[in-house]
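**Q** Structure incoming, see below.
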Amino acid sequence: MTVIAITGSTGHVGGLVARQLADLTPTLVVRDAAKAPSIAGSPVVVTDYGDASNAVRALEGIDVLFMVSAAESKFRRVQHRTFIEAAAAAGVHHIVYTSFFGADPQAVFTLGRDHADAETAIRGSGMQFTLLRDNFYSDLLPFFADDSGVIRGPAGEGRVSAVARADVADVATRILRAPDDHAGVTYELTGPEALTLDEVATRAGAAIGRDLRYAAETLPEAYESRSHYGAEQWQLDAWVSTYTAIADGETERVTDHVERVTGRPARSIEEALAG
């Protein structure tokens, strides 16, 4: 029997995947055992992406690994590479990684560059792999709004084909049940349409019962409006480039990859927000 390990099960996507694969009793790889979901028969192992020797021990005996990308940090690339190398050293056969739509070393969205680095490490690891390049999450876009309901940023009239987190989980679940069928494949996961942030605000606001609107900013205004958070430059760049990537057209393509894997159309933004 194939032994599956799932990271990120204390979060949304990883948690959905873990519960959908409960019949296979996946191993749950977490940083805090107390936060792991309760799945009958599923072992829980504790490690951190940056702890190489412990990660090797945690992944011994695992055939297929679902790797949810690490939390945003300036050490993220090192953490990703450390864990990927540990997986290969532990004998993992196949890794399924949640990357980003348009991952590239020169991506406008700065965190897309981190994902490109992780993809490079995976391709060079010797493991079989499947890459899930997720666009921005449609069910999180309304929460970009401030307390007054305004989504602010330099996105202009650019469009984003945002994907529901539930669709990403459904795709991952299908792949993990038959990983050999998806070896070496990169899936670009999007919603069914590309929306401007004006359209996102109108439709998402109606779906959640909140008055939302989009306010375009210039690049200097975007940095200035976020300066009060006291964040480091890399974090500011990540926040602002979320919008400039939309303006630049990096996030507008629509694919049928969700339907290709799951056999049903991707969820609309309203369906994503309905849960």
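**Q** Take the conditions at pLDDT 95 or above and in contact with a Ser or Thr (Cβ under 6 Å, 6 or more places away or on another chain) and apply them to SER42. Does it pass?
**A** yes
**Q** Filter region 1-57 for residues that are touching a Lys or Arg at 6+ places or on another chain (Cβ under 8 Å), open to solvent by less than 70 Å² (accessible area, probe 1.4 Å) and in a loop (DSSP other than H, G, I, E, B) and give the result.
**A** Once the filter is applied, which keeps residues that are touching a Lys or Arg at 6+ places or on another chain (Cβ under 8 Å), open to solvent by less than 70 Å² (accessible area, probe 1.4 Å) and in a loop (DSSP other than H, G, I, E, B), region 1-57 yields LEU21, PRO37, ILE39, THR47, ASP48.
**Q** Okay, moving on. Which one of ASP211, ASP198, ASP181 is touching a Phe, Trp or Tyr at 6+ places or on another chain (Cβ under 8 Å), surrounded by fewer than 17 Cβ atoms within 10 Å (Cβ to Cβ) and modelled with pLDDT of 95 or more?
**A** ASP198
**Q** So is ASP104 farther than 23 Å from TYR223 by Cα and acidic (Asp, Glu) or not?
**A** Yes; evaluated as a whole, the condition is true for this residue.
**Q** Considering only region 155-176, I want to know if a residue exists there that is of a type in the set (Gly, Ala, Ser), under 21 Å from TRP234 (Cβ atoms) and out of contact with any strand residue (DSSP E or B) (no Cβ under 9 Å at 6 or more places or on another chain).
**A** So far as region 155-176 goes, no, none of its residues is of a type in the set (Gly, Ala, Ser), under 21 Å from TRP234 (Cβ atoms) and out of contact with any strand residue (DSSP E or B) (no Cβ under 9 Å at 6 or more places or on another chain).
**Q** Let me ask you something else. Within region 95-145, can you find the residues that are open to solvent by less than 10 Å² (accessible area, probe 1.4 Å), in contact with a Leu (Cβ under 7 Å, 6 or more places away or on another chain) and either at pLDDT below 95 or part of a strand (DSSP E or B) (or both)?
**A** Result: ILE95, VAL96, TYR97, THR98, SER99, LEU132, ASP134.
**Q** Here's a follow-up. Are any residues in region 158-182 part of a loop (DSSP other than H, G, I, E, B) and touching a residue at least 60 places away in the same chain (Cβ under 8 Å), and if so, which ones?
**A** Within region 158-182, GLY158, SER161, ALA162, ALA164 meet the criteria.
**Q** Could you tell me how many of the residues in region 153-172 are farther than 18 Å from PHE109 by Cα and open to solvent by 10 Å² or more (accessible area, probe 1.4 Å)?
**A** Residues that pass the stated criteria total 3.
**Q** Provide a single number: the residues in region 234-263 that are among the aliphatic types (A, V, I, L, M) and in a loop (DSSP other than H, G, I, E, B).
**A** Total satisfying the criteria: 1.
**Q** Ok, one more. Restricting the first residue to region 128-157 and requiring it to be under 30 Å from HIS93 (Cα atoms), which pairs with a second residue that is small (Gly, Ala, Ser) and surrounded by fewer than 20 Cβ atoms within 10 Å (Cβ to Cβ) meet a Cβ separation below 8 Å and a spacing of at least six or different chains?
**A** From region 128-157, the pairs are GLN128/ALA183; GLN128/GLY184; PHE129/ALA183; PHE129/GLY184; THR130/ALA183; THR130/GLY184.
**Q** (1) in contact with a Ser or Thr (Cβ under 6 Å, 6 or more places away or on another chain); (2) surrounded by fewer than 19 Cβ atoms within 10 Å (Cβ to Cβ); (3) of a type in the set (Val, Ile, Thr): which one isn't true of VAL150, the others all being true?
**A** Among (1) in contact with a Ser or Thr (Cβ under 6 Å, 6 or more places away or on another chain); (2) surrounded by fewer than 19 Cβ atoms within 10 Å (Cβ to Cβ); (3) of a type in the set (Val, Ile, Thr), VAL150 violates only (1).
**Q** Let me ask you something else. Across region 188-233, what is the number of residues that are under 20 Å from SER73 (Cβ atoms), free of Cβ contacts under 8 Å to residues at least 24 places away in the same chain and either touching a His at 6+ places or on another chain (Cβ under 9 Å) or not in a helix (DSSP H, G or I) (or both)?
**A** So the count comes out to 2.
**Q** Any idea how many residues of region 250-273 are in contact (Cβ under 8 Å) with a residue 60 or more places away in the chain and either open to solvent by less than 50 Å² (accessible area, probe 1.4 Å) or basic (Lys, Arg) (or both)?
**A** Going through region 250-273 one residue at a time, the tally reaches 14.
The values are calculated or read from the model by the stated rules, or taken from the named source; none is laboratory data. Keep in mind that this is a model prediction, so the values were computed, not measured. We place every Cβ from the backbone using ideal geometry, glycine too, and count neighbours over all the protein chains shown. Areas reflect the complete protein model, heavy atoms only, side chains present, ligands, DNA and RNA absent. Shrake-Rupley method; radii C 1.70, N 1.55, O 1.52, S 1.80 Å.
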